[in-house]
């Protein structure tokens, strides 16, 4: 029985190590695009670097706090975001829910129309450029953090948060 258990544990460790080792910035970009397409705020935040995640969560918290001081301003900001959120929605949401709703306003061309993926690596940093058939392109910057590639910047992030 111990031999079987040790073999299974060893096999699981090998599978875990190989899946981490095969992750590339391009793979992480695909994960990010799927999170946007599926409006998956939790997965989206998981793919962010610690500093970006803290910035997004802090912005969300400040928005929630601003509701008490100036609900009219927050209503205006939410209306302009195109998210369809109201100040009442903010009361029950967490950061993941908020990001999911914000992702509803993000338009990406169909993922099946991506025609090129380019990645350039510089040590623990990477730049990825995806280009669609229509000519639309998206650049994303990554850093190797917590044993995976995490998003550190993108024009899409700047528009959202």
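Data overview
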item	result
Test for residue 55: is it modelled with pLDDT under 95, under 18 Å from residue 155 (Cα atoms) and assigned to a helix (DSSP H, G or I)	yes
Among (1) in contact with a strand residue (DSSP E or B) (Cβ under 7 Å, 6 or more places away or on another chain); (2) closer than 18 Å to residue 130 by Cβ - the single one residue 34 does not satisfy	(1)
Qualifying residue in the stretch 141-155 (condition: at pLDDT below 90, surrounded by 17 or more Cβ atoms within 10 Å (Cβ to Cβ) and closer than 19 Å to residue 42 by Cα)	yes
Candidate set from the stretch 79-103 (those that are assigned to a loop (DSSP other than H, G, I, E, B) and surrounded by 16 or more Cβ atoms within 10 Å (Cβ to Cβ)); member that is modelled with the lowest pLDDT	83
Number of the exception - residue 62 against (1) over 20 Å from residue 153 (Cβ atoms); (2) in a helix (DSSP H, G or I); (3) in contact with a helix residue (DSSP H, G or I) (Cβ under 9 Å, 6 or more places away or on another chain)	(3)
Flag if residue 157 is in a strand (DSSP E or B) and in contact (Cβ under 8 Å) with a residue 12 or more places away in the chain	no
Check on residue 36, modelled with pLDDT under 95 and in a helix (DSSP H, G or I)	yes
Any hit, the stretch 86-102, residues being over 20 Å from residue 45 (Cβ atoms) and touching a helix residue (DSSP H, G or I) at 6+ places or on another chain (Cβ under 6 Å)	yes
Residue within the stretch 50-59 that is within 16 Å of residue 27 (Cα to Cα) and under 14 Å from the mean Cα position of the chain (by Cα) present	no
The stretch 128-147, residues that are assigned to a strand (DSSP E or B) and touching a residue at least 24 places away in the same chain (Cβ under 8 Å)	128, 130, 138, 140, 142, 143, 145
Hits in the stretch 107-126 - residues which are more than 19 Å from residue 50 (Cβ to Cβ) and in a strand (DSSP E or B)	114, 115, 116, 117, 118, 119, 120, 121, 122
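The values are calculated or read from the model by the stated rules, or taken from the named source; none is laboratory data. Predicted model, so just to flag it, every value in this text is computed and none were measured. Glycine gets a Cβ as well: all are built from the backbone with ideal geometry, and neighbour counts include every protein chain shown.
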